[in-house]
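The values are calculated or read from the model by the stated rules, or taken from the named source; none is laboratory data. Since this is a predicted model, take the numbers as computed values, not measurements. In this analysis, Cβ positions are derived from the backbone assuming ideal geometry, glycine residues included, and neighbour counts consider all displayed protein chains.
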Amino acid sequence: MKLFVKDNIPYIVLHVMQFIFLYSTFRWLDADVVEGNIVYLFLVSLFMLIIYLTFRYVAGHSGYKWLSKIPDLKDAKTFLQMDVASPLLYAFKKGLGRQYQLMQSERERSIQEKQELIDFMNRFVHLLKTPLSALHLIVQDREDSDGAEEMQVEIVRMEYQLNMILTLSRLSSFRQDFYIQKVSMKPLVFEVINELKSHFIHHHLFPSADVHGDVAVLSDRKWLKFVVVQLLTNAIRYSDGGNRHIKIFAGREGEYITLTVKDEGVGISPQDLPRVFDLYFTGANGRKFGESTGIGLYLVRKICDELSHRVSIKSFLGVGTEIEIRFSSYNHP
């Protein structure tokens, strides 16, 4: 209504000026006639103005209502489905329709290009994982040879990076690619530790797992395993060797079930801590450790958000980092 009034103020002002002009002219021609009929002339003039404004309001009230909300171009479909009789709004509707079609075409093209890029990345990753698996088997057969341990570590590292790229590309279709089930934490944690044992050995680190045997949560096992792998990989990377411990705890704490990964590594500076879950943020540690990509913890937060798990982090420089995943009370088995 406010937009309608603002749009029609010039017409109202013009009408008032026209009435004053006609009144002055008729009064100059015949003052007696005008003085006796001034109320009648005013009411007739006001009636005609009301008829005109009513017509304009009925013709375009839906359009004015839509425009008054300062809509986004993505909401244009609502306006394009309206019936408007106002010539101005009709012309605006036609122009908006052309822009909306261009926007939709550009959006479809962008989605197609993005999907093609994701498909390419997925195929590329799978093509690389095949020879890596073969190398993994070859190295296992030659465990006693010189450099076998280093090769095994590098192969696992490459597989980890490829899996992270694959996960990042799949994140956009996460809601079509997860299955909620009862997940026992103990076998999951020990499975991940076993897969990363070459990393622990190579960096002279000791994993210590305290997992209550009956602890289970409602989650997606594949995605949750990826999260645990990421947390332990980060703990290994930033522990800087030196016969330190990495502690994994999973159990009940009050009404919640928690999974905690705690290391004795370099820690994170206070100014970097609020941004560690941002995509591509590496911080001060990223400059010291060249492997940092700023993707891992972003994926952890994103996956936990999608699965309705809460993730938090505490860290002190030179002391270590502790990351906790808290599962809601309804996730109890």
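Criterion applied to Gln176, Gln181 was being loosely packed, with under 13 Cβ neighbours inside 10 Å, modelled with pLDDT of 85 or more and farther than 18 Å from Thr260 by Cα, and the one residue passing it is Gln181.
Restricting attention to the stretch 170-182, the residues that are out of contact with any Asp or Glu (no Cβ under 8 Å at 6 or more places or on another chain) and either in a helix (DSSP H, G or I) or among the β-branched types (Val, Ile, Thr) (or both) add up to 4. Please verify whether the stretch 132-144 includes one or more residues that are of a type in the set (Lys, Arg), touching a residue at least 60 places away in the same chain (Cβ under 8 Å) and out of contact with any Asp or Glu (no Cβ under 7 Å at 6 or more places or on another chain). For the stretch 132-144, residues of a type in the set (Lys, Arg), touching a residue at least 60 places away in the same chain (Cβ under 8 Å) and out of contact with any Asp or Glu (no Cβ under 7 Å at 6 or more places or on another chain): absent. When the criteria are applied in full, Ile257 meets the requirement of being more than 14 Å from Thr321 (Cβ to Cβ) and crowded, with 19+ Cβ neighbours inside 10 Å.
Applying the set (1) in contact with a helix residue (DSSP H, G or I) (Cβ under 7 Å, 6 or more places away or on another chain); (2) within 22 Å of Ser312 (Cα to Cα); (3) among the aromatic types (Phe, Trp, Tyr) to Phe178 leaves exactly one unmet item: (2).
Return the residue satisfying two criteria in turn: it lies in the stretch 197-252 and is β-branched (Val, Ile, Thr) and more than 23 Å from Val156 (Cβ to Cβ), and of such residues it is modelled with the highest pLDDT. If we take residues in the stretch 197-252 being β-branched (Val, Ile, Thr) and more than 23 Å from Val156 (Cβ to Cβ), then Val217 is modelled with the highest pLDDT. Selection of the stretch 265-281 for residues being of a type in the set (Ser, Thr, Tyr) and either surrounded by 13 or more Cβ atoms within 10 Å (Cβ to Cβ) or in contact with a Leu (Cβ under 6 Å, 6 or more places away or on another chain) (or both) yields only Ser269.
Which ones in the stretch 143-153 are surrounded by 12 or more Cβ atoms within 10 Å (Cβ to Cβ) and either assigned by TED's automatic domain parsing to the domain that holds Thr293 or more than 18 Å from Gly296 (Cβ to Cβ) (or both)?
Of the residues in the stretch 143-153, the ones surrounded by 12 or more Cβ atoms within 10 Å (Cβ to Cβ) are 148-153.
Passing the criteria: Ala148, Glu149, Glu150, Met151, Gln152.
Can you go through Val211, Val139, Val217 and tell me which one is closer than 25 Å to His245 by Cα and surrounded by 12 or more Cβ atoms within 10 Å (Cβ to Cβ)? Residue meeting the stated conditions: Val211.
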